[in-house]
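Q: Mind looking over this structure? Questions follow.
The values are calculated or read from the model by the stated rules, or taken from the named source; none is laboratory data. Remember, it's a predicted structure, so these values are computed and weren't measured experimentally. When we count neighbours, we look across all protein chains shown, and the Cβ atoms used for this are built from the backbone with ideal geometry, even at glycine.
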Amino acid sequence: MKITRLIRLLLGLALFALGIVLTVNANLGLAPWDAFHVGLTKIFNLSFGRVSMLVGFTVLIINYFLNESIGVGTIGNIFIIGLILDFIFDSNIIPVTDNFITGVIMIILGMIIIAIASYFYIGSGFGTGPRDGLMVALTRITKKPVGLIRGGIELSVLVLGFLLGAKIGIGTILIAFGIGPIVQTVFKVLRFEVQDVKHDSFIQRNKEKKILDSNT
């Protein structure tokens, strides 16, 4: 049922935001996109969540012109995660740590939560997030391996974030090398196959409707 899928989507997005906050407040170095967001907060004097929404919306526009599908989950990824991020940061529910061991634990826990969030969010079938959509679009256009494209995107935003003053450290390395295996392990435990998910896409549906109308 669609209501069940919507609940699954919202739960996934909320958990995703929680996972991001844990890795950021671990204070050992930021993930590539988070480093970029933190760097931009220094320029625009905006909150982390608002910068996340601004970047997500910008990437969404790029994806649209690259003919990438856009669904409810894509929009939700931008705004819901951004709002929840600001709520958690502002409420200080998860404090920033200065302890190395605690920081490592927070990063690992954050990555596990992000993996579980991905299971719920992607499995809802309402579309992928704009950043993943950009990866898919560039892979389709360039015909290059997805790993190369993802690596190129992550490296680019990481360098930009570093140049803008974001903190890069051991946590950055842990996330860069750990998130893939952790997501893969969680998906395997939950018996979740990404390729089996069929996503609803209102942009694509509109395009298909136009094609059908033109043929009648």
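Q: Collect the residues in segment 159-177 that are under 21 Å from Val146 (Cβ atoms) and surrounded by 17 or more Cβ atoms within 10 Å (Cβ to Cβ), keeping them in residue-number order.
A: Selection gives Ile175 alone.
Q: Could I ask something else about it? Assess whether Gly123 counts as being over 23 Å from Ala35 (Cβ atoms) and buried (at least 19 other Cβ atoms within 10 Å of the Cβ).
A: Yes, satisfied.
Every residue, every condition in (1) under 21 Å from Ile141 (Cβ atoms); (2) more than 20 Å from the chain's Cα centre (by Cα); (3) crowded, with 16+ Cβ neighbours inside 10 Å; (4) of a type in the set (Gly, Ala, Ser), yes or no:
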| site | (1), (2), (3), (4) |
| --- | --- |
| Ile61 | yes, no, no, no |
| Gly73 | no, no, yes, yes |
| Leu85 | no, no, yes, no |
| Ser91 | no, yes, no, yes |
| Thr97 | no, yes, yes, no |
| Ile108 | no, no, yes, no |
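Q: Does segment 175-192 contain at least one residue that is in contact (Cβ under 8 Å) with a residue 24 or more places away in the chain and farther than 21 Å from Phe16 by Cβ?
A: No, segment 175-192 has no match at all.
Q: Working only within segment 39-54, note down all residues that are farther than 18 Å from Asn77 by Cα and in contact with a Phe, Trp or Tyr (Cβ under 8 Å, 6 or more places away or on another chain).
A: Gly39, Thr41
Q: Could you check Lys144 against (1) charged (D, E, K, R); (2) under 20 Å from Val72 (Cβ atoms); (3) modelled with pLDDT under 85 and say which number it fails?
A: Here Lys144 meets the rest and fails (2).
Q: Checking the condition surrounded by 16 or more Cβ atoms within 10 Å (Cβ to Cβ) and of a type in the set (Lys, Arg), which residue from Arg140, Arg50 passes?
A: Testing whether each residue is surrounded by 16 or more Cβ atoms within 10 Å (Cβ to Cβ) and of a type in the set (Lys, Arg) leaves just Arg50.
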